[in-house]
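S.K.: Supplied in structure tokens, the structure appears directly below.
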């Protein structure tokens, strides 16, 4: 392989978005960036596929528009504590969409190629050596040397290991399956969340999807360890529990292809950059509360691309400014807030949180606006705060 200025390991949303935003910030550097992908697009990627509209807007800001089969989303429903709240954005505009990752990522890869980014597929990275003067990557297609490396290679990141970082404290598990719709699913433009099972440190989901032109529903369970949090849930067999959930919905679980995967939530205390190596997307960490990752991966790329363009222009690869750079972004604020919220959502205060999420339309609308990347009206924030106080009082005094 030819040498490169920058090697990006992983051609998912985080790696490809990083390359695309770097190419927009510094077009002359596009052909000096190499993205390595262990498979070949379109490749299967297990994921529920929900993307907040903010991600598509970010890509549109650099003239990238991904036309793939999608289910437009205009509302959400939450079930908890024996109650359910279903709300649509009062503007009626889509707040996001649900896609299939193999189609979405392949379209993103095509966009990167069109911008002059070198994408090398079927290139499994087997070793990464980070030195004082550069990085050497051993791949199934030969050796590559670069000035720096970006780890966009997910929860099992080989770049992360080469940086001397551990697996991380907030590694979640998930299981999902695609099924035909059932009557209880309701409208197909609504994302449904199920918090009814308090023995699960997580939640269930039912997202409308399109598979091979068929209108199906992606159903799953998400569980994150909450070690050290009083009241946290125990590890469970998600596949078996998901099969029981299917049965309760009237869906025959026998023969269903239940797919399992892991996700890494961001722990603000963990490093995401060392000299000549930087992490984005799930390699660094995404939302630990709900496991939202696609939009956040693209937000990582939108921040990392211009940052890396400056580093390449200046010839500085200590990456000491990366933590501060990401902290100044909407993504940095979002991830820090969700990490702080984790022990409250699934810990001892979970009953009060559940009361809150199923009683406050203001909270639901605020959440949808944030998911879409829109400004959240102050009256919605104020209303959500009042509802939280009421939920806490009711839980405390048994109201």
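S.K.: Being more than 19 Å from residue 280 (Cα to Cα) and in a loop (DSSP other than H, G, I, E, B) is the filter; apply it to the range 47-61 and report the residue that is modelled with the lowest pLDDT.
M.R.: It comes out as 48.
S.K.: While we're here: Can you report the number of residues in the range 278-313 which are touching a strand residue (DSSP E or B) at 6+ places or on another chain (Cβ under 8 Å), crowded, with 24+ Cβ neighbours inside 10 Å and farther than 24 Å from residue 220 by Cα?
M.R.: Total meeting the criteria: 5.
S.K.: Hey, can you tell me all the residues within the range 62-99 that are in a loop (DSSP other than H, G, I, E, B) and closer than 17 Å to residue 297 by Cα?
M.R.: Taking the range 62-99 and keeping what is in a loop (DSSP other than H, G, I, E, B), we get 62-70, 74, 81-82, 89-95, 99.
Within the range 62-99, 62, 64, 65, 66, 99 qualify.
S.K.: So, one more: With 11, 17 as the choices, which residue is in a helix (DSSP H, G or I) and closer than 21 Å to residue 103 by Cβ? Can you show your working first?
M.R.: On the way: 11 fails: in a helix (DSSP H, G or I).
From the options 11, 17, the qualifying one is 17.
S.K.: In addition: If a residue must be under 21 Å from residue 111 (Cβ atoms) and touching a helix residue (DSSP H, G or I) at 6+ places or on another chain (Cβ under 8 Å), how many such residues does the range 64-75 contain?
M.R.: Residues that pass the stated criteria total 6.
S.K.: All but one of (1) outside any strand (DSSP E or B); (2) within 29 Å of residue 175 (Cα to Cα) hold for residue 323, so report the exception by its number.
M.R.: Going through the list (1) outside any strand (DSSP E or B); (2) within 29 Å of residue 175 (Cα to Cα), residue 323 breaks only (2).
S.K.: Count, please, the residues in the range 114-125 that happen to be exposed (fewer than 15 other Cβ atoms within 10 Å of the Cβ) and within 15 Å of residue 8 (Cα to Cα). Can you show your working first?
M.R.: Residues of the range 114-125 exposed (fewer than 15 other Cβ atoms within 10 Å of the Cβ): 114, 122, 124.
So of that shortlist, the ones also within 15 Å of residue 8 (Cα to Cα) come out as 122, 124.
Number of matching residues: 2.
S.K.: Looking at 299, 292, 282 in this structure, which one is touching a residue at least 40 places away in the same chain (Cβ under 8 Å) and assigned to a loop (DSSP other than H, G, I, E, B)?
M.R.: Result: 292 is the single residue among 299, 292, 282 that is touching a residue at least 40 places away in the same chain (Cβ under 8 Å) and assigned to a loop (DSSP other than H, G, I, E, B).
S.K.: Let me ask something else about it. Would you point out which residue out of 154, 116 is under 18 Å from the mean Cα position of the chain (by Cα), in a loop (DSSP other than H, G, I, E, B) and in contact (Cβ under 8 Å) with a residue 24 or more places away in the chain?
M.R.: Details: 116 fails: under 18 Å from the mean Cα position of the chain (by Cα).
Result: 154 is the single residue among 154, 116 that is under 18 Å from the mean Cα position of the chain (by Cα), in a loop (DSSP other than H, G, I, E, B) and in contact (Cβ under 8 Å) with a residue 24 or more places away in the chain.
S.K.: Further question: Residue 183 is checked against (1) outside the structural domain of residue 127 (by TED's automatic domain parsing); (2) in contact with a strand residue (DSSP E or B) (Cβ under 9 Å, 6 or more places away or on another chain) and fails just one. What number does that condition carry?
M.R.: (2)
S.K.: Can you confirm whether the range 178-193 contains a residue that is in contact (Cβ under 8 Å) with a residue 24 or more places away in the chain, assigned to a loop (DSSP other than H, G, I, E, B) and either crowded, with 22+ Cβ neighbours inside 10 Å or touching a helix residue (DSSP H, G or I) at 6+ places or on another chain (Cβ under 8 Å) (or both)? Walk me through it before giving the result.
M.R.: So in the range 178-193, the residues in contact (Cβ under 8 Å) with a residue 24 or more places away in the chain come out as 178-182, 184-193.
The next check asks that each one be assigned to a loop (DSSP other than H, G, I, E, B); those that pass are 180-182, 186-189.
From what is left, the residues that are either crowded, with 22+ Cβ neighbours inside 10 Å or touching a helix residue (DSSP H, G or I) at 6+ places or on another chain (Cβ under 8 Å) (or both) are none.
For the range 178-193, residues in contact (Cβ under 8 Å) with a residue 24 or more places away in the chain, assigned to a loop (DSSP other than H, G, I, E, B) and either crowded, with 22+ Cβ neighbours inside 10 Å or touching a helix residue (DSSP H, G or I) at 6+ places or on another chain (Cβ under 8 Å) (or both): absent.
S.K.: With respect to residue 160, determine if the residue is farther than 30 Å from residue 322 by Cβ and in contact with a helix residue (DSSP H, G or I) (Cβ under 9 Å, 6 or more places away or on another chain).
M.R.: Working: farther than 30 Å from residue 322 by Cβ: no; in contact with a helix residue (DSSP H, G or I) (Cβ under 9 Å, 6 or more places away or on another chain): yes.
No, not satisfied.
S.K.: Here are 271, 256, 243: which of them is touching a residue at least 12 places away in the same chain (Cβ under 8 Å), assigned to a loop (DSSP other than H, G, I, E, B), more than 27 Å from residue 54 (Cα to Cα) and outside the structural domain of residue 350 (by TED's automatic domain parsing)?
M.R.: So the residue among 271, 256, 243 that is touching a residue at least 12 places away in the same chain (Cβ under 8 Å), assigned to a loop (DSSP other than H, G, I, E, B), more than 27 Å from residue 54 (Cα to Cα) and outside the structural domain of residue 350 (by TED's automatic domain parsing) is 256.
S.K.: Please enumerate the residues belonging to the range 33-47 that are surrounded by 19 or more Cβ atoms within 10 Å (Cβ to Cβ) and either free of Cβ contacts under 8 Å to residues at least 60 places away in the same chain or touching a strand residue (DSSP E or B) at 6+ places or on another chain (Cβ under 7 Å) (or both).
M.R.: Residues satisfying the conditions are 33, 34, 35, 36, 37.
S.K.: Only one of 160, 145 is at pLDDT 95 or above and farther than 27 Å from residue 264 by Cα. Can you tell me which? Break it down stepwise before answering.
M.R.: Working: 160 fails: farther than 27 Å from residue 264 by Cα.
None of the other options fit; the residue is 145.
S.K.: Tell me yes or no: at least one residue of the range 232-242 is farther than 26 Å from residue 76 by Cα and touching a strand residue (DSSP E or B) at 6+ places or on another chain (Cβ under 8 Å).
M.R.: Yes - at least one qualifying residue is present in the range 232-242.
S.K.: Continuing with this model, one more query. Answer with yes or no whether residue 328 is out of contact with any strand residue (DSSP E or B) (no Cβ under 9 Å at 6 or more places or on another chain), outside the structural domain of residue 33 (by TED's automatic domain parsing) and surrounded by fewer than 16 Cβ atoms within 10 Å (Cβ to Cβ). First the steps, then the outcome.
M.R.: Working: out of contact with any strand residue (DSSP E or B) (no Cβ under 9 Å at 6 or more places or on another chain): yes; outside the structural domain of residue 33 (by TED's automatic domain parsing): no; surrounded by fewer than 16 Cβ atoms within 10 Å (Cβ to Cβ): yes.
Answer is no for this residue.
S.K.: Another one. Just one of (1) surrounded by fewer than 18 Cβ atoms within 10 Å (Cβ to Cβ); (2) touching a strand residue (DSSP E or B) at 6+ places or on another chain (Cβ under 9 Å); (3) assigned to a helix (DSSP H, G or I) trips up residue 28, so point out which.
M.R.: For residue 28, the failing item is (2).
Residue by residue, here is whether (1) farther than 28 Å from residue 68 by Cα; (2) at pLDDT below 95; (3) surrounded by fewer than 16 Cβ atoms within 10 Å (Cβ to Cβ) holds:
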residue	(1), (2), (3)
206	no, no, no
209	no, no, no
221	no, no, no
230	yes, yes, yes
238	yes, yes, no
243	yes, yes, no
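The values are calculated or read from the model by the stated rules, or taken from the named source; none is laboratory data. Every value quoted in this text rests on a predicted model; they were computed, and no experiment measured them. All Cβ positions, even for glycine, are placed from backbone atoms using ideal geometry, and neighbour counts span all protein chains on display.
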